[in-house]
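Below is one structure, written out as structure tokens; comments come after it.
Here, each number is a calculation from the coordinates, and none is a lab measurement. Treat the numbers as computed from the prediction; the structure is a model and nothing was measured. Glycine gets a Cβ as well: all are built from the backbone with ideal geometry, and neighbour counts include every protein chain shown.
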Amino acid sequence: MKVYYLGQEVFNEIVPVPPPNENVIVTPTGKVEYTTSPVTVYIAGQAVTIPPNGTIIIETSVYPVTFNITSKSGIYQWATPT
Amino acid sequence: MFNFTLNYYGYIMPSVNYTTRQPEYNYMLTPGIINVVYFPLIDINIQVLSQTTPQYPLWGGFVVNIYSAVTGQKMWEAITNSSGYVYVMNVPLNASYIQPQGKAYVMLKVRTISPAIDSVYPYASVSQQYGQTYQAYASALGIPSGYYAYTLGTRGGPFDEDLVIYYEQFSVPVTTTCGQVFPITVPVENLHIVVTDLKGNVLSSQPVYPCATPSYCPSFYYNVTLVLDDQYSPYYLSSQWLVFPTYWLNLTDFRVVGQTWMQPEYEALESTFQSLIAADQAAYQSGMISLQQFVEWYVGNYSYYTLAALLANYSTSSPFAIFTFPSIVPHEGTIFVRLFMPARHSR
């Protein structure tokens, strides 16, 4: 599978289908990890738990960048492709 | 006085009363007439269903194997017919009087076809009668002899042959009626995919400002695109349900593109082409265009309409990269088929 983000390819690996009672995490280097534990991801900063239910979690080579904007109040979170 | 014991694939069972299904001993045999003795074995139907919503019977060649839980010997093999059914003869009842104690069940396996194994299996005559053999499957698909038939909706050999997707204990209650249907749900299901960055943040569509000062130009969103990039689809090795040589009814194709937050866009496109199709029909009915023009316009608009519908189905309605790619089980009205199941790898 491939993932494109902001116009760049950020993932290109072979992805397995997990059994219905497991999840699988695939990293940008193609490392495959099956797990029966819940996986926590963050949707707009909110933690969301994915139970072991046959979900594929694709980890792309995108790292979050935190900007500290000192002249104004607030912290801004962004993410960019590597 | 006689007692009868049957040793059947390692299951040791007494003769039983036909009605009560409880052990029956001390038979008096009468010379010159046929004496009938019953054993606690029964014929059943197994229906193999997908785990999708709605569930569909898995026709398209799933092999059902029954193994003895005592000896491990294969007791039955048959291939699902167009209703996903397999008829299985002589399954032991789950009765406490069957020895060894607590083993009165069988192992039930569901797997994809392996032509080298399944084309030479000596199928029971009842399997032939119900079209539940490899040969019946291959000929239902219109596959000429000399070509291998693989499970429809998979890539065939070598990737997807002999994939075991279900292997569980299976017991038949003592109260089972002859030919009773036991539905078995196997993990042929929709693919759920969550795309994150390296820290577990789910990726989302991002606003892009195509000039230096955002207020001077309208922004647009770059979506996150997930591609199931399968350069060999439609699979030349997979089984295609066809009217030989060129008219395909079903093709196995795993190519999918999903885009975040694009579902509303593609749905709008769908309705645009829907109204164009309606306008074509109205124009033809009122005599404004010829039949030939109508057909050409209709086909053109219809192909854009189905493409928009396809992309709408794979895209998400929210900005976040949480996708569902459906398994498409062969059934009435499908052209492309694809079955996602465990142990299967996608490029």
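Figures for the structure shown
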{"read-out": "Set of lysines with alpha-carbon distance to B:Lys74 below 27 Å, sequence-local pairs under 8 removed", "value": "B:Lys103, B:Lys109"}
{"read-out": "DSSP beta bridge pairing in the protein assembly as shown, given as percent antiparallel to the nearest 5", "value": "80 percent"}
{"read-out": "Two-site label geometry, B:Tyr302 and B:Val120: point separation in nm, points 7 Å out along Cα→Cβ", "value": "4.7 nm"}
{"read-out": "Kirkwood-type radius of the range B:119-187, with distances r between different C-alpha atoms, in Å", "value": "14.9 Å"}
{"read-out": "Cut-off 16 Å (backbone N to label point 7 Å along Cα→Cβ of B:Ala309), residues of the range B:263-286", "value": "B:266-279"}
{"read-out": "Extension reserve of the B:Tyr38-B:Gln51 stretch, reckoned as 0.36 nm per residue once the Cα distance is removed", "value": "0.9 nm"}
{"read-out": "Computed E for B:Tyr167/B:Glu332 - FRET, C-beta separation, R0 35 angstrom, nearest 0.05", "value": "0.70"}
{"read-out": "Cβ-Cβ FRET estimate between B:Met89 and B:Ser145, R0 fixed at 35 Å, reported to 0.05", "value": "0.80"}
{"read-out": "Fully extended contour minus Cα-Cα distance, from B:Gln231 to B:Gln22, at 0.36 nm per residue", "value": "69.3 nm"}
{"read-out": "Chain B - Cys residues lacking any other Cys C-beta under 4.7 Å", "value": "B:Cys178"}
{"read-out": "Cross-link partners of B:Lys199 among lysines (Cα-Cα below 27 Å; sequence separation of 8 or more within a chain)", "value": "A:Lys2, A:Lys31, A:Lys72"}
{"read-out": "Förster radius 51 Å - calculated FRET efficiency between A:Ser37 and B:Thr272, Cβ distance, rounded to 0.05", "value": "0.65"}
{"read-out": "Order of B:Leu310, B:Leu141 under a 10 Å beta carbon neighbour criterion, fewest first", "value": "B:Leu310, B:Leu141"}
{"read-out": "Number of partner chain Cβ atoms within 10 Å, mean per residue of B:224-234", "value": "3"}
{"read-out": "Among beta bridges that DSSP assigns inside the range B:191-337, antiparallel share in %, nearest 5", "value": "90 percent"}
{"read-out": "Computed [θ] at 222 nm, helices only, for chain B once each DSSP H run of length n ≥ 4 contributes -39500 (n - 2.57)", "value": "-5500 deg cm²/dmol"}
